[in-house]
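Student: Can you read through this structure? Questions will come right after.
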Amino acid sequence: MAKKDFNTTITVNASAVEAMKKINQVNLWWAKNFSGKAEKVNDTFTVRFGETFVDFQISELVPNKKVAWKVTDCNLHWIKAKKEWKGTEVVFEIKANGNNTQIDFTHVGLVPGVECYNDCEVGWTGHITNSLVNLINKGKGQPE
C-alpha cells in the first residue's frame with residue numbers, strides 16, 4: 001500500500017481571491033519570522049522557528065486556484081534527519097463553492113514513517129485548521 005502524503009481540507013467564508021491572498025501572507029498565519037516574497041512563481045522565502053528554518057521557492061501558481069511551495073533547504077533541528085523536508089512540496093488547491101472556498105492542503109513527501117511525520121502532522125493541522133482559517137474568516141491568525 002502506498003504511503004499517503006499529509007493532507008487536510010478546510011472551508012472558509014471568503015472568495016477564492018481572498019483565500020489566495022491570505023495564504024500568501026505567511027507571516028500572518030504560520031511564521032512571524034518570515035523573509036522574502038510569496039507572491040509569484042520563482043519567489044523565494046524563508047520561515048524560521050528558533051534553530052529551525054525552511055527555505056521555499058514558489059514552484060507553481062494558478063491565480064486563485066493553486067499555489068505550490070518547493071522546499072529548497074531546511075534545518076529541522078529537533079530530529080536526526082534535519083533535511084527531511086528538502087525536496088518536498090507544500091500545495092494549496094483552492095476551489096470556490098458558492099459564498100465559501102475550499103482549500104485542500106497537501107504536504108507532498110510528508111508521509112507516515114518519516115521522522116517528523118507525527119510532530120509535523122500536529123503542527124500543520126493547527127496552522128491550517130486554526131490559524132489560517134482564523135486569518136481568512138476573522139482577519140487574525142496565530143503565527144508562531
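Rule-based calculations on the coordinates, nothing more; no lab input. Small disclaimer: the values here were computed from a predicted structure and weren't measured. Every residue, glycine among them, receives a Cβ derived from its backbone with ideal geometry; neighbour counts consider all protein chains shown.
Student: Between GLN142 and GLU60, what is the label-to-label distance in nm when each label sits 7 Å out along the Cα-to-Cβ direction?
Tutor: In this crude label model, GLN142 to GLU60 measures out at 3.1 nm.
Student: At most 11 other Cβ atoms within 10 Å and a DSSP loop assignment: could you name the GluC sites (Glu not before Pro) in segment 33-110 that fit?
Tutor: Numbers: sites: GLU39, GLU51, GLU60, GLU84, GLU89, GLU93; in loops: GLU39, GLU51, GLU84.
Qualifying residues, ordered by number: GLU51.
Student: Can you tell me how segment 28-107 classifies by the Cα gyration tensor, rounded, prolate or oblate, using a/c under 1.5 as the rounded cut?
Tutor: Numbers: a/c = 1.99, a/b = 1.92, b/c = 1.04.
Prolate, since a/c reaches 1.5 and a/b exceeds b/c.
Student: May I ask you to compute the full-extension gain from ASP104 to THR9, defined as 0.36 nm times their residue separation minus their alpha-carbon distance, rounded to one decimal in nm? Show your work: numbers first, answer last.
Tutor: Details: separation 95, 0.36 × 95 = 34.20 nm, distance 0.44 nm.
Result for the pair: 33.8 nm of gain on full extension.
Student: Pairs of lysine in segment 35-130 with Cα under 29 Å and at least 8 positions apart or on different chains: total?
Tutor: So the count of such lysine pairs works out to 26.
Student: So which lysines pass the test for LYS4, namely a Cα distance under 17 Å, with those fewer than 8 places away in the same chain ruled out?
Tutor: Within the straight-line limit of under 17 Å, LYS4 reaches no lysines at all.
Student: With the dipole of segment 30-85 worked out from charges on the C-beta (+1 for Lys and Arg, -1 for Asp and Glu) around the Cα centre, which of ASN42, ALA31, VAL54 lies farthest toward the positive end?
Tutor: Of the options given, the answer is ALA31.
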